[in-house]
1. List every residue pair whose Cβ atoms lie under 6 Å apart, where the two residues are 6 or more positions apart in sequence or sit on different chains, the first residue falls within the range 329-351 and is closer than 22 Å to Phe200 by Cβ and open to solvent by 10 Å² or more (accessible area, probe 1.4 Å), and the second residue, located anywhere, is part of a helix (DSSP H, G or I) and modelled with pLDDT under 95.
2. Looking only at the range 255-274, count how many residues are crowded, with 22+ Cβ neighbours inside 10 Å, closer than 16 Å to Pro291 by Cβ and in contact (Cβ under 8 Å) with a residue 60 or more places away in the chain.
3. Please work out which one of (1) under 29 Å from Pro287 (Cβ atoms); (2) among the aromatic types (Phe, Trp, Tyr); (3) surrounded by fewer than 16 Cβ atoms within 10 Å (Cβ to Cβ) is the condition Phe229 fails and give its number.
4. If we scan the range 253-268, do we find a residue that is within 25 Å of the chain's Cα centre (by Cα) and on the phi > 0 side of the Ramachandran plot?
5. Output the qualifying pairs, or none if there are none: Cβ atoms under 7 angstrom, residues six or more apart or on different chains, first residue in the range 207-230 and closer than 16 Å to Ser243 by Cα and modelled with pLDDT of 95 or more, second residue among the charged types (D, E, K, R) and open to solvent by less than 10 Å² (accessible area, probe 1.4 Å).
6. Taking Ala165, is it within 29 Å of Thr290 (Cα to Cα) and in a loop (DSSP other than H, G, I, E, B)?
7. Kindly indicate which of Lys245, Lys277 is without any contact (Cβ under 8 Å) to a residue 40 or more places away in the chain and either outside any loop (DSSP other than H, G, I, E, B) or farther than 30 Å from Gly176 by Cβ (or both).
8. In this structure, does Val168 turn out to be open to solvent by 20 Å² or more (accessible area, probe 1.4 Å), at negative phi and not charged (D, E, K, R)?
Amino acid sequence: MAQAQVQRRRNGNIRNGNGNGSQCKENDLLLLSRERSEGQGHHHVHRLNLTSSLNKGNNAKATIVTVLALAMAMLLLFYYSSTSTSTSTRITSPSTTGTAYEALSVSVSPDSDAVINLDHGDPTMFEPFWKNAGDKATVVIPGWHTMSYFSDTSNLCWFLEPDFANQVRRLHRIVGNAVTHAHHIIVGVGSTQLIHALLFALSATATGHPVSVVSAAPFYSMYPGITDFLKSGLFRWAGDATSFKVNGSSSFIEIVCSPNNPDGTLRGAVLSTEAGKLVHDLAYYWPQYTPMRGPADEDIMLFTVSKATGHAGTRIGWALVRDADVARRMVKFIEMNSIGVSKDSQVRAARILQVISDGYELPDPDSTTSFFHFSRRLLADRWQRLRRAVEESGRFSLPQFSSEFCEFTKEHAETYPAFAWLRCDDESIEDCEGFFKSMKVLTRSGRHFGAGPEYIRISMLDRAHNFDLFVERIASLGLR
């Protein structure tokens, strides 16, 4: 009965001049949809009767339009019904019972073609913790707040926000990874600006030739670029510290990265003469990466929010500097370079550090608030899975680290670096970076770190989905 009513309305539309097809298409789609939903098993007979009726009651033009509309509607409904199923890979065995469509259906996962970028250490691995932190880590800054250039004019570093400085000292005291009471805190736009400021501060009083800047290979790939980018006449990159020759009173600056980026090893200075000055880059000296051996107490120490907490986009780092003259020259460089450092970023960084410290001094029993323990569990799981996949492949190798007592956790702990320094042992692979690029995995070649092309650096800090795909691709190599 309902179909006959719809048929009469369609014929009425045609007779009333609505024969352009648009109204017919809408009505036909409604008719066909209603037939399918009501489960009428004899709908094929209705369509044949409908076609016959149209041939008899309407002119040829209207008949063609209606038939085409019906055919289009059927194709559309068939298409959407067949594509509404899951897009996951499904390959059924020929012996599996089912329709011919089900037996032949093969849908390829888009992940197989995904490019995985593990070239840079974007620390998005930490996102789940901060999502769980909720409002505790949220900062609201009123429109009138932090408008002035100045934070504390009585401080040597006049653009340093007092609350940020207090939270830096508090966190170092809780973790026990650095002495702060005898040092000036200099805030910068990440470690990059602080290194520039230090190179200026340590070479500004030098006379004669530019001061040589060195670091033991494999060194952080950005050190050469940071040093030579401005083509300064005060300092220049001189390469691997282990091959640097000290000539008499020639001055140099050695950057000591510990734990080292890219290989995760704990390091000390290679060169130790009175002519040299040391900068200790301790960006990764935090409990999620390595056991705490006790508080570092060097003349110059660098830290950054990006690796300590994962907030790379906040662009905040800090230097602990014992010598007041060096600290003043650093402040002068930052003043001329960027007229201070964003106060809004410092306010946010202070809150982030506060949340971590509160998680240990004021723990909430109803939630996971121990950031370093949370992060360490994630890294431990990732390193175990990567080592297993590498071993199964039989084509690569990774550095081995010994267990040490951690002064922070008060137990023996393993080392889980932020980067994997992977070596391609397969002699058929001449360029390790190129090999992984062919697998749609972007890494950074050992050439950038003062090493050979058989090495690559792989970030361990990406989101879980990307890391999972990477491990799957490594593991698949063992099956070839």
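1. none
2. Of the residues in that region, 2 qualify.
3. Here Phe229 meets the rest and fails (1).
4. Yes, some residue in the range 253-268 is within 25 Å of the chain's Cα centre (by Cα) and on the phi > 0 side of the Ramachandran plot.
5. Val214/Glu254; Ser215/Glu254
6. Details: within 29 Å of Thr290 (Cα to Cα): yes; in a loop (DSSP other than H, G, I, E, B): no.
So Ala165 does not fit the description; no.
7. On the way: Lys277 fails: without any contact (Cβ under 8 Å) to a residue 40 or more places away in the chain.
It is Lys245.
8. Details: open to solvent by 20 Å² or more (accessible area, probe 1.4 Å): no; at negative phi: yes; not charged (D, E, K, R): yes.
Against the criterion (open to solvent by 20 Å² or more (accessible area, probe 1.4 Å), at negative phi and not charged (D, E, K, R)), Val168 does not qualify.
The values are calculated or read from the model by the stated rules, or taken from the named source; none is laboratory data. Computed from a prediction, not measured in an experiment: that's the story for all the values here. Reconstructed Cβ throughout: ideal geometry from the backbone, glycine too, with neighbour counts over all protein chains shown. When the accessible area is computed, the model is the full protein with side chains, heavy atoms only, and any ligands, DNA or RNA have been set aside. Shrake-Rupley method; radii C 1.70, N 1.55, O 1.52, S 1.80 Å.
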